[in-house]
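Novice: To start, I am sharing the structure in question, which I have written as structure tokens.
The values are calculated or read from the model by the stated rules, or taken from the named source; none is laboratory data. Keep in mind that what you see is a predicted model, and the values were worked out from it rather than measured. Every residue, glycine among them, receives a Cβ derived from its backbone with ideal geometry; neighbour counts consider all protein chains shown.
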Amino acid sequence: MLNMTTAEHLPQIAAWIQADSYHKDDPRNQAEFLLSGQGEMTFLIQDAEGTLCYVRLDREGDILRLATQFGPESEVSKRRLVKGLLGEGIPFIIAFARENGYKGIVFESTSPSLIVFMDKQGFKSVGGVDYQLTFEEPTHV
């Protein structure tokens with residue numbers, strides 16, 4: 001289930017950022033960044049047990065940049081997260097990008113497990129710490 005991110009989510013987002021070894025020391029990672037109304041779209045992904053992650057999408061020319069804050073494993077198992085991402089999250093993000101004319105989706109990461117997971121979804125390195133899914137242009141016969 002996808003829902004809007006509101007101010008009541010800020011304490012959880014802030015706690016998750018601090019628990020995340022990949023995000024806690026990066027000054028760009030502020031809880032308010034993930035509130036709905038920011039960027040092209042901002043939302044959270046939930047299952048029956050609760051919130052799995054927070055997502056923000058931003059326009060970068062003809063590409064959509066994906067930023068995500070995942071719940072710590074102590075609160076959100078990898079199994080739940082993968083199920084939510086594959087079931088709703090990634091399909092929704094791809095559909096949103098395609099429907100709005102973007103040529104692809106890019107994300108930044110240094111997390112080996114996230115990079116491997118997203119590679120299986122079609123995201124490939126485009127240099128540095130960026131990984132991109134590029135949509136094939138439709139073939140007109």
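Novice: Please enumerate the residues belonging to the stretch 11-59 that are farther than 22 Å from E108 by Cα, surrounded by 15 or more Cβ atoms within 10 Å (Cβ to Cβ) and not polar (S, T, N, Q).
Specialist: Once the filter is applied, which keeps residues that are farther than 22 Å from E108 by Cα, surrounded by 15 or more Cβ atoms within 10 Å (Cβ to Cβ) and not polar (S, T, N, Q), the stretch 11-59 yields only D47.
Novice: Right, another one. Please pick out the residue among F117, F92, F123 that is within 15 Å of the chain's Cα centre (by Cα), in contact (Cβ under 8 Å) with a residue 60 or more places away in the chain and more than 15 Å from W16 (Cβ to Cβ).
Specialist: On the way: F117 fails: in contact (Cβ under 8 Å) with a residue 60 or more places away in the chain; F123 fails: in contact (Cβ under 8 Å) with a residue 60 or more places away in the chain.
Just one listed residue meets the conditions, F92.
Novice: Does A67 meet the test of being under 19 Å from C53 (Cβ atoms) and at pLDDT 95 or above?
Specialist: It is false that A67 is under 19 Å from C53 (Cβ atoms) and at pLDDT 95 or above.
Novice: Another question, if that's okay. Here is a list of conditions, (1) surrounded by 13 or more Cβ atoms within 10 Å (Cβ to Cβ); (2) closer than 17 Å to Q69 by Cβ; (3) of a type in the set (G, A, S), and S113 meets all of them except one; can you say which number that is?
Specialist: Every listed condition holds for S113 apart from (1).
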